[in-house]
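For reference, the structure discussed in these notes is given below.
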Amino acid sequence: MPIFEYRCQGCGNDFELLVLKTTVLACPACQSQVLERQLSVPALKSESTHALAMKAAKKRDTKQASEQNRAQREYELAHND
Ligand SMILES: [Zn+2]
């Protein structure tokens, strides 16, 4: 999610904004479009780290599942008499 944190230069409001191609950057409090992009966004950082961790865990689970399937198939082939 392209969520960025901005500080309004007009009223000093800090806010996060989901920025899409169609998004008009404006302060939700005063509608000013003079905004300063904040560089440190802990929420976004932790969210992406979490997403990466979930992706890694899913990949690991998938690998385990395929290895279990192969072991099961080898067992069945060995005992197919
Ligand atoms: Zn403002």
Any hit, the range 19-36, residues being of a type in the set (S, T, N, Q) and in contact with a Pro (Cβ under 8 Å, 6 or more places away or on another chain): no
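Let's see how each residue does on (1) surrounded by 11 or more Cβ atoms within 10 Å (Cβ to Cβ); (2) modelled with pLDDT of 95 or more; (3) not β-branched (Val, Ile, Thr):
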{"position": "Glu5", "(1), (2), (3)": "yes, no, yes"}
{"position": "Gly10", "(1), (2), (3)": "yes, yes, yes"}
{"position": "Val24", "(1), (2), (3)": "no, no, no"}
{"position": "Ala29", "(1), (2), (3)": "yes, yes, yes"}
{"position": "Leu35", "(1), (2), (3)": "yes, yes, yes"}
{"position": "Ser40", "(1), (2), (3)": "no, no, yes"}
{"position": "Lys45", "(1), (2), (3)": "no, no, yes"}
{"position": "His50", "(1), (2), (3)": "no, no, yes"}
{"position": "Ala57", "(1), (2), (3)": "no, no, yes"}
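The values are calculated or read from the model by the stated rules, or taken from the named source; none is laboratory data. These figures come from a predicted structure and were not determined experimentally. Here the Cβ is made from the backbone with ideal geometry for all residues, glycine too, and neighbour counts use every protein chain on show.
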